[in-house]
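Here's the structure we're looking at; comments come further down.
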Amino acid sequence: MEPKTAEKLPHGAPSEVSLKNVTARYPVLINKYYLELSRQKGDPVARQILPDPLELSKKNEALAEDPIKEDSHSPVANLTHRYPDRVLFLVSDKCPIYCRFCTRKRKVGKSLAVTSHTVSAGIRYIADNPTVRDVLLSGGDPLMLDPSELARILDQLRCIPHVEIIRIGSRVPAAQPEKITSELASILTAGDPLYVHTHFNHPDELTDQALDACRILADAGIPLNSQTVLLKGINDDPDTLEALFRTLLTMRVRPYYLFQADKVRGTDHFRTPLMQGIQIMEELHLRTSPMALPTFAVDLPDGAGKVFPTAATVLNPGGPDQAIVTPDGRVVPYRD
Ligand SMILES: *Cc1c(COP(=O)(O)O)cnc(C)c1O
Ligand code: SF4
């Protein structure tokens, strides 16, 4: 095969050199299912996984790696305890794909370092802290774990009397749906009450296979939610999101959060202006039932956690002094 040179690439396409620099910093992982889906559907799917020279733009390089400060609220490795009654617990360093916009881009494919030691230390922390009634397992992706390992973690959490509910955040139903089997579902039901938070961003991800995956989980009695990230040029319009949320409901998946993309280094080119998300939600409220509407959520740039801004709680919308008023009355600057 002839070597490809920059001249031979279509106008505007990234050169191999610049892509090499991107992937040296931010690894690429694409599986067969999602690659095939990208081929069939094109941009809105493909852009979620294909490396882009923009990841190394000046603007991106100026951003923090962990703006929402998960690591500084971390009493033990891989566990974030920001809210009194619930913890975020990273138990897997494997993902079905590497999403280019990931909030944990700093860790994806590298330093997450989940070991049996960090997992036991996290479980011990939860056992020692009776205010924790809700454990959100994430990663990486917990459903990428070896099923016996996942079963062991759920079993240990279930032995802690104050843990009322377990949640699992997973991209697997969207990105590797064939992994959802009835065997896996029965492992999850052993963690009951256990919720699965899926992560779908675009109607093109709602394939027959994804539908089957959700059906297996829902038939096993597992409540399903979806967390969507608002992504520039991918799903940042009311029509796309309405189609996504309404179809999710038909799959027995309740839209839970629509996340404003965090100001994370390497992901800036996916970010939308704050008011755009708010306006999209206002438009959707006019069109459809709150059943189909997630809560628009923003992780504050000062590390104070999530807020749910509306037009009424944004000061100087769109301007250089834009700020969010928090429920406890603080005014937190939020620049687009
Ligand atoms: C988002 C998040 C949770 C879960 O919060 P909910 O708003 O209840 O879904 C828990 N811990 C951390 C650190 C989080 O960022
Ligand atoms: S699967 Fe989840 S954790 Fe992994 S890269 Fe995608 S968004 Fe990030």
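The values are calculated or read from the model by the stated rules, or taken from the named source; none is laboratory data. Just so you know, these numbers come straight off a predicted model, no measurement behind them. Ideal geometry is used to build each Cβ from the backbone, glycine not excepted, and the neighbour counts take in all protein chains shown.
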Glu164, sole failed condition from (1) crowded, with 17+ Cβ neighbours inside 10 Å; (2) of a type in the set (Asp, Glu); (3) within 16 Å of ligand 1 (Cβ to nearest atom): (1)
Test Pro96 against the stated conditions and say whether it is more than 16 Å from ligand 1 (Cβ to nearest atom), over 16 Å from the mean Cα position of the chain (by Cα), modelled with pLDDT of 95 or more and in a loop (DSSP other than H, G, I, E, B). no
Listed by first then second residue, the pairs whose first member lies in region 220-233 and is on the phi > 0 side of the Ramachandran plot and touching a residue at least 40 places away in the same chain (Cβ under 8 Å), whose partner is within 16 Å of ligand 2 (Cβ to nearest atom) and in a loop (DSSP other than H, G, I, E, B), with beta carbons under 9 Å and at least 6 positions apart or on separate chains, are Gly233/Arg47
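Return the residues of region 303-317 that are of a type in the set (Ser, Thr, Tyr) and in contact with a strand residue (DSSP E or B) (Cβ under 7 Å, 6 or more places away or on another chain); say none if nothing qualifies. Don't jump to the end; show me each part of the working.
Residues of region 303-317 that are of a type in the set (Ser, Thr, Tyr), as a first pass: 310, 313.
Matches in region 303-317: Thr313 only.
Which residues, counting only those in region 61-84, are more than 16 Å from ligand 2 (Cβ to nearest atom) and in contact with a His (Cβ under 7 Å, 6 or more places away or on another chain)? Give the derivation first.
Step one: list which residues in region 61-84 are more than 16 Å from ligand 2 (Cβ to nearest atom), which gives 61-64, 69, 72-77, 81-84.
Residues satisfying the conditions are His73, Pro75, His81, Arg82.
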Does Asp71 meet the test of being without any contact (Cβ under 8 Å) to a residue 12 or more places away in the chain and of a type in the set (Asp, Glu)? yes
When you check Gly329 against the structure, is it surrounded by fewer than 20 Cβ atoms within 10 Å (Cβ to Cβ) and over 29 Å from Gln209 (Cα atoms), yes or no? yes
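If you take the residues in region 118-131 that are within 15 Å of ligand 1 (Cβ to nearest atom) and outside any helix (DSSP H, G or I), which one is surrounded by the fewest Cβ atoms within 10 Å (Cβ to Cβ)?
The first filter runs over region 118-131 and keeps only residues within 15 Å of ligand 1 (Cβ to nearest atom), leaving 122, 125-126, 129, 131.
Checking the rest, the ones that are also outside any helix (DSSP H, G or I) come to 129, 131.
Numbers: Asn129: 15, Thr131: 11.
Checking each candidate, the answer is Thr131.
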Which one of these does Val114 not meet: (1) more than 11 Å from ligand 2 (Cβ to nearest atom); (2) farther than 24 Å from Leu211 by Cβ; (3) out of contact with any Ser or Thr (no Cβ under 8 Å at 6 or more places or on another chain)? (3)
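Do you know which residues across region 132-154 are touching a residue at least 24 places away in the same chain (Cβ under 8 Å) and either away from ligand 1 (no atom under 13 Å from the Cβ) or farther than 17 Å from Ile165 by Cα (or both)? Steps first, please.
Initial filter on region 132-154 (touching a residue at least 24 places away in the same chain (Cβ under 8 Å)): 132-145, 147, 150-151, 153-154.
Selection gives Gly139, Gly140, Asp141, Pro142, Leu143, Met144, Leu145, Pro147, Leu150, Ala151, Ile153, Leu154.
Quick grid of which residues meet (1) β-branched (Val, Ile, Thr); (2) within 16 Å of ligand 2 (Cβ to nearest atom); (3) not in a loop (DSSP other than H, G, I, E, B):
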position	(1), (2), (3)
Asp155	no, no, yes
Pro161	no, no, no
His197	no, yes, yes
Gln209	no, no, yes
Asp212	no, no, yes
Arg215	no, no, yes
Asp236	no, no, no
Thr240	yes, no, yes
Leu248	no, no, yes
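Hey, could you check region 46-61 for residues that are loosely packed, with under 15 Cβ neighbours inside 10 Å and not acidic (Asp, Glu) and say which is farthest from the chain's Cα centre (by Cα)?
Kept after step one, since they are loosely packed, with under 15 Cβ neighbours inside 10 Å, are these residues of region 46-61: 57-59, 61.
Filter once more, keeping what is not acidic (Asp, Glu): 57-59.
Numbers: Ser57: 22, Lys58: 24, Lys59: 22 Å.
Once the filter is applied, the top-ranked residue is Lys58.
Could you say which residue among Thr115, Thr181, Thr189 is more than 14 Å from ligand 1 (Cβ to nearest atom) and without any contact (Cβ under 8 Å) to a residue 12 or more places away in the chain? If you could, list the steps in order and put the result at the bottom.
On the way: Thr181 fails: without any contact (Cβ under 8 Å) to a residue 12 or more places away in the chain; Thr189 fails: without any contact (Cβ under 8 Å) to a residue 12 or more places away in the chain.
Being more than 14 Å from ligand 1 (Cβ to nearest atom) and without any contact (Cβ under 8 Å) to a residue 12 or more places away in the chain holds for just one of Thr115, Thr181, Thr189, which is Thr115.
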Given (1) within 16 Å of ligand 2 (Cβ to nearest atom); (2) part of a helix (DSSP H, G or I), where does Ile280 come up short, assuming only one miss? (1)
Residue that is surrounded by the fewest Cβ atoms within 10 Å (Cβ to Cβ) [pool: residues in region 62-88 that are among the charged types (D, E, K, R) and under 20 Å from the mean Cα position of the chain (by Cα)]: Glu65
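When you look at Val91, is it in contact with an Asp or Glu (Cβ under 6 Å, 6 or more places away or on another chain), β-branched (Val, Ile, Thr) and either modelled with pLDDT of 95 or more or loosely packed, with under 13 Cβ neighbours inside 10 Å (or both), yes or no?
Working: in contact with an Asp or Glu (Cβ under 6 Å, 6 or more places away or on another chain): no; β-branched (Val, Ile, Thr): yes; either modelled with pLDDT of 95 or more or loosely packed, with under 13 Cβ neighbours inside 10 Å (or both): yes.
No; evaluated as a whole, the condition is false for this residue.
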